[in-house]
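Report on the following structure.
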Amino acid sequence: MGSRALVVGGRSSDRTQPLVSALQTAGLQTIRVEIPAEPTIDLIRRLSALARNERCDVVLAIGGGSVIDSGKAIAALLTNREDVLEYLEVIGRGHPLTHAPVPFIAIPTTAGTGSEVTRNAVLGSPAHGVKASLRSAQMLPRLAIIDPSLTISVPRPITASTGLDALTQLIEPYVSVRANRFTDALCVEAIPRAAAALPRVWDRPDDAAARSEMSWSSLCGGLALANAGLGAVHGLAAPIGGMFDAPHGAICAALLPHVIAANVRALRSRQPESPALVRYQHTARMLTNQPHATAEDGAAWVAQLCRKLEVPPLASYKIQQTDIPSVAERAAKASSMKANPIVLSPAEIGEIVAAAL
Ligand SMILES: [Zn+2]
C-alpha cells in the first residue's frame, strides 16, 4: 500500500514499537507519532503537515478511538491540502474531499468506538467548544485488523467506558430514524452479546472469550452507526466532549440510561404509535434476557450496569447545572441528534444532562 509509513499510536510505545519494527524489517521507511489525548484540529494540522513533509504514503493507526480517528484524518489531509476547517462539518465549511486519502490501516486496541469501520474522524475544537467530524466515504479504512487479545490489558475504567460506548453505538442505531434491515441485523446480533460480555470483562479482564465478544460487538456497532446514524447520547457527547476534558466513552456511559428513559417517556406521550417504542422494548428484552421486559426496564437495566461498572457522573468532569443551557443549545445542532427517534425539546435535553450530573 505504500513505502513511507506514518505509524500513529498512543502515549506508550508498547503497542507501536513491534509494528514499527515489523514495517522496517519489511523495508518501509517509518515515522512514528503519538496522540496524547482526543485529537484537536490544531494537533491534526500539525501532524498532517509533518506527514506531508515526510512524504508519507500510507498511514497505520494502532490504539483506541482517538488514535484511529487521528490516523484517519491525517490520511485524508495528506492528499487534501486545504486547511482542515475547509472540510470539517458543523464548525467548518464542510466541503467534500477532492482527492482520495492515502491508504489507511486501523488496528483497534479497545473494544468501543468501532472507528476502524466508520468513515468519519471526530476532532475537537477547544476554540468553538465542540467536536465535529471530517466525513467522507473515501475515509473508510482500507484494512481493519481486529484482534481481541490487544484489548486484554486495557485498564478497567477504560474497559467500562469504551464498552458502554460500544453498547450505545448498538442501541442508538437500532432505534435511529435511519435504521434499516442491514443495521438491524448487526444490532440484533450484537446487543445481547455486548450485554452479556460487558459485566464479564469488568469482573475478569483476562476473560478472552468475553473480550472477543466485546471486540465483535464494537465492530458491529461501528458498522451500524456508519449506516444508520446515532442519537441523543452522541448528540450531547459532541458539545460536552468539546467543552470539557472528559473522555468520549465516559460521557456516553453517563448519558445512556438517561437518554433511553427520556426518549421512551417522550415517545409514550407524543408518539405512542412510534415503531421506536417497539424497538426500545425489543432492546430491553435483548439486554435483560427477560421475554416480558418493557422499554422502561431497558433504561433501568443500563442504569444498573453503569452502577456496577462504576461509571462516574458528569459532574466529575466539572460540568455544572449552569452549563446545561449552552450544552443543550449546541447539542441540538449536532449531526447525531438528527437520527434520534424523536425530536427532543431544549427542556428535555437539559433534563437529560441534569439527570446525568
Ligand atoms: Zn461513541
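Here are a few things to note about the model shown:
- Rounded to the nearest 20, the Cβ-based charge dipole of the chain about its Cα centre (Lys and Arg +1, Asp and Glu -1) stands at 380 debye.
- Ascending count of other beta-carbon atoms within 10 Å, so fewest first, for 62, 145, 260: 145, 62, 260
- Under 20 Å from the residue 138 label point (7 Å along Cα→beta-carbon), backbone N, the range 90-113: 90, 92-106
- Protection proxy ranking of 209-218, 223-232, 20-29, 89-98, by the mean of other Cβ atoms within 10 Å over each peptide's residues and highest first, is 223-232, 209-218, 89-98, 20-29.
- Taking a ≥ b ≥ c as the square roots of the eigenvalues of the alpha-carbon gyration tensor, the range 198-357 is classed oblate because a/c is 1.5 or more while a/b is no larger than b/c.
- Residue-normalised convex hull volume from the C-alpha trace of the range 119-187: 158 Å³ per residue.
- 5 Å-binned pair-distance histogram of the range 63-123 (Cα, whole percent): 4, 19, 28, 23, 15, 8, 2
- Residue 343-residue 29 pseudo-label distance in nm [points 7 Å out on the Cα-to-Cβ vector]: 5.4
- For the pair residue 326 and residue 13 in one chain, pulling the backbone fully straight at 0.36 nm per residue adds 108.8 nm over the alpha carbon distance.
- Per residue, the convex hull spanned by the alpha carbons of the chain comes to 120 Å³.
- Net charge of neighbours whose Cβ lies under 13 Å from the Cβ of residue 146, counting Lys and Arg as +1 and Asp and Glu as -1: -2
- The order of 338, 308, going from fewest to most other C-beta atoms within 10 Å of their C-beta, is 308, 338.
- Working value for the range 111-240: equivalent-ellipsoid semi-axes of 23, 17, 15 Å, each the square root of 5 times a Cα gyration tensor eigenvalue, largest first.
- Residue 184 versus residue 308: modelled label distance in nm, points set 7 Å from Cα along the beta carbon direction: 2.9
- The modelled label-to-label distance between residue 200 and residue 245, using points 7 Å beyond Cα along the C-beta direction, is 3.7 nm.
- Taking 333, 131 and counting other C-beta atoms within 10 Å, the order from fewest to most: 333, 131
- In this entry, the range 24-135 is assigned a mean projected area of 7.0 nm², taken as a quarter of its C-alpha convex hull surface.
- Across the options 263, 356, 227, the greatest Cα extent toward the positive end of the charge dipole of the chain (unit charges at beta carbon of Lys, Arg, Asp, Glu) belongs to 227.
- P(r) of the range 1-70 over all Cα-Cα pairs, binned every 5 Å from zero, in whole percent: 4, 18, 30, 26, 17, 5, 1
None of the figures in this text is laboratory data; all of them are computed from the coordinates on show. What you see is a predicted model, and the numbers here were worked out from it, not measured in a lab. Quick reminder, even Gly has a Cβ in these numbers, built from the backbone with ideal geometry, and neighbours come from all protein chains shown.
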